[in-house]
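One structure is given below, encoded as structure tokens.
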Amino acid sequence: MDPNVLSNLSVELKRGTQVLAVLSQLKTNQYGYSLLQALEEKGVFIEPGTLYPLMRRLEAQGLLKSEWDTTESRPRKYYCLSDEGVKIYEMLIEEWHRIVSEMNRLIKEEER
Amino acid sequence: MKKIIERYIYAVTKRLPENMREEVKEELNGNIHDMLSKDPTDEEIDKVLHELGHPRELARNYRGQDRYVISPLFYDDYIQVLKIVAIIFVAVSLVFGTFDAIIHVEATSVIGVIAEVFAKIISNSFSAFVNAFAWTTLIFWIIDYAVRNKKLPEWKLNDLPDLPSPKTTKISRVETLLGLVLGTAFSAVFIIFLVRYIDLVGIYENGVIVAQVFNPEVTNQFIVFFIISAVLGFNVSLMKLNFGEWRISLAIVYTAQELMSSILFIIFIRMENLILNEAFVKVGSYLDLAGDVVRSNFEKGVTGLTVFIIIVTIIDLISTWIKTLKHKKA
């Protein structure tokens, strides 16, 4: 079997969950690297080259808001959920639970 | 080594739209330094930058959407059209290029002539291919750009292509394509000949023309008709390619076009003043005959040719209609 097939499918499967993972950790202010670490601590690894652009895109879509902190020597851009983002996050969680239970039903049926 | 980070960031931001650059630069710079220790070694920088990935890839992630000259939606159509256009362009240039190359040879030795002719033909074909590629791509780019980010228009069931039905006679694609290529090439050569080289046709003595054969006053009147006929023929061939089988509508169009071009050609060769009198006189002088005798014999030849063309055309049309109608019993 071509090992690429499995890894490609796995990457595709994870891609949709990345937004959910990012939103879940942004109830408090985070900058790029701190978010990367927060996710990593909980065992979720997103490539930095994927994560940083993703944060920007979510901001452009209005799910995140950001502010520059210039008090330290190097300015940092902090992100957190916007009001809109909170709403959408909650709806996405519902959607997620629905998907999980649907999938579980299908997979368990198969196992029986 | 600090410079390397700046260069990496530049490699990313230069691929982004102008209004994003400054912010992405600031943010990326911050992120990279956050990932590094206070006083990073060269290896550390190397590792972090590679973790971020190829600058091209990172820029693509920042941009968020892929950009195309020809989007995947049109790609298959584009390749199909490109193939046909390239074949036609190259074939026409092959024929015309050969003709042109032979007429305008500058080299004197036989080897020189052969080399020159081949070089011209190859360079003509190559530039014809480049032209075909450029024009097809440009036109598809414009179409693609025009419909980009728009939803495709509603499509109707009637717009779907018909299945090639086994109950009709297939038109061989290769044959049609070959006919298309040769037909177009021949028309192009013929028309260019009429436009530019007609007065070179004549009887030469010691390399000097002593009698011109064709009367440009007559041939010039026909140029526009031959162009129209060539364009029609070209379109009918495209229809044949497109339909892929003989159907009544196609047969009607084909008949009309075939009749028109045959009749046009017959009129052309039967024009009274097509051949200049000086040519008849000159030929007569070689054969010890009066110019009028040569002319009347020539006219018999033309009549024979006319009959031949009519018979061939009729046979072709009859066989076309048999192919079209033999499955239409219902």
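The values are calculated or read from the model by the stated rules, or taken from the named source; none is laboratory data. This structure is a prediction, so every number in the text was calculated from the model and none was measured. For neighbour counting, all protein chains shown are included, and Cβ atoms are generated from backbone atoms with ideal geometry for every residue, glycine included. We work out accessible area using only protein heavy atoms, side chains counted, and drop any ligands, DNA or RNA first. Shrake-Rupley method; radii C 1.70, N 1.55, O 1.52, S 1.80 Å.
For the pair B:D292 and B:R67, what calculated FRET efficiency results from E = 1/(1 + (r/R0)^6), where r is the Cβ-Cβ distance and R0 = 51 Å, to the nearest 0.05?
0.10
I need the shape label for the range B:133-203. Rule: rounded when a/c is under 1.5, else prolate if a/b > b/c, else oblate, with a, b, c from the alpha carbon gyration tensor.
oblate
Give, in nm to one decimal, the length gained when the segment between B:L160 and B:K3 is fully stretched (0.36 nm per residue of separation minus the Cα-Cα distance).
50.7 nm
Any chance you could give the angle, 0 to 90 degrees and rounded to 10, that helix A:83-111 forms with the longest Cα principal axis of chain A?
With rounding to tens, the tilt is 20 degrees.
Where q = 0.08, 0.11, 0.12, 0.14 Å⁻¹, what log10 of I(q)/I(0) comes from the Debye formula for the protein assembly as shown, counting one point per Cα?
Relative scattering, expressed as log10 I(q)/I(0), comes to -0.78, -1.03, -1.14, -1.36.
Amide H to amide H, which residues 5 or more places from B:E245 or on other chains are under 5 Å from it, using H placed in the peptide plane?
So B:E245 has HN proximity to B:I171.
For the Cα atoms of chain A, what angle does the longest principal axis make with the long axis of helix A:32-41, in degrees from 0 to 90, nearest 10?
Once rounded, one gets 40 degrees.
Share of chain B's accessible area from carbon and sulfur, percent, 1.4 Å?
Using a 1.4 Å probe with all protein chains present, chain B comes out at 65 percent carbon and sulfur.
Can you list the lysines whose alpha carbon is less than 24 Å from that of B:K170, not counting same-chain residues fewer than 8 positions off?
Result set, ordered by chain and number: B:K83, B:K240, B:K323, B:K326, B:K328, B:K329.
Cα gyration tensor of chain B, axes a ≥ b ≥ c as square roots of the eigenvalues: rounded (a/c below 1.5), prolate (a/b > b/c) or oblate?
Verdict is oblate for chain B.
Can you compute the FRET efficiency between B:L264 and A:Q37 using 1/(1 + (r/R0)^6), with r the Cβ-Cβ distance and R0 = 56 Å? Round to the nearest 0.05.
The calculated FRET efficiency here is 0.10.
Just to confirm the number: angle between the C-alpha axis of helix A:48-60 and the first principal axis of chain A, 0 to 90 degrees, nearest 10?
Between the helix axis and the principal axis of chain A, the angle is about 70 degrees.
Ignoring ligands, DNA and RNA and using a 1.4 Å probe, state the total buried accessible area between B and A in Å², rounded to the nearest 100.
Chain pair B/A: roughly 1600 Å² of buried accessible area.
About its Cα centre, what dipole magnitude does the range B:2-63 give when the only charges are +1 on Lys and Arg Cβ and -1 on Asp and Glu Cβ, stated in debye to the nearest 20?
For this selection, approximately 380 debye.
Need the C-alpha centroid separation for the range B:286-313 versus the range A:1-50, integer Å.
Here the answer is 87 Å between Cα centres.
If you add up the charges near B:F280, with Lys and Arg at +1 and Asp and Glu at -1, over every other residue whose beta carbon is less than 14 angstrom from its beta carbon, what do you get?
Within the 14 Å Cβ shell, the charges total -2.
How much of the accessible area of the range A:1-102, probe 1.4 Å, is carbon plus sulfur, in whole percent?
54 percent
Which shape class applies to the range B:175-236: rounded if a/c is under 1.5, otherwise prolate when a/b exceeds b/c and oblate if not, where a ≥ b ≥ c are the square roots of the Cα gyration tensor eigenvalues?
oblate
Apply 1/(1 + (r/R0)^6) to the Cβ-Cβ distance of B:N277 and B:V312, taking R0 = 51 Å, and write down the FRET efficiency to the nearest 0.05.
The pair B:N277/B:V312 has a calculated efficiency of 0.95.
Among B:D42, B:D77, B:D316, which one moves the most in a GNM of chain B with springs linking Cα atoms closer than 10 Å?
In the Gaussian network model the winner is B:D42.
Which value, in debye to the nearest 20, gives the size of the charge dipole of chain B about its Cα centre, when Lys and Arg are +1 and Asp and Glu are -1 at the Cβ?
Dipole size: approximately 1200 debye.
Give the accessible surface of the protein assembly as shown per residue, rounded to a whole number of Å², with probe radius 1.4 Å and ligands, DNA and RNA excluded.
66 Å²
So which residues in the range A:28-57 end up with at least 30 square angstrom less accessible surface once the other protein chains are there, compared with the chain by itself, probe 1.4 angstrom?
Those residues are A:Y33, A:P48, A:G49, A:Y52, A:P53, A:R56, A:R57.
Over chain B, what is the mean sequence separation of C-alpha contacts under 8 Å (at least six apart), divided by residue count, expressed as relative contact order in percent?
The normalised contact order for chain B reaches 14 percent.
How far apart, in nm, are the 7 Å Cα→Cβ label points at B:V130 and B:L178?
Taking the two extended label points, one gets 3.2 nm.
Once you've got the Cα coordinates, tell me which of A:K14/B:K14; A:K42/A:K87; A:K42/A:K77 are over 27 Å apart.
Going by Cα-Cα distance, A:K14/B:K14 fall outside the 27 Å limit.
Please check: in the Gaussian network model of chain A (C-alpha springs, under 10 Å), which one of A:S73, A:S34, A:S24 has the largest mean-square fluctuation.
Comparing A:S73, A:S34, A:S24 in the GNM, the peak value goes to A:S73.
Which whole-angstrom value gives the distance between the alpha carbon centres of the range B:181-251 and the range B:60-78?
42 Å
Which residue fluctuates most in the GNM of chain B (Cα springs below 10 Å): B:V12, B:V283, B:V147?
Of B:V12, B:V283, B:V147, the Gaussian network model singles out B:V12 as fluctuating most.
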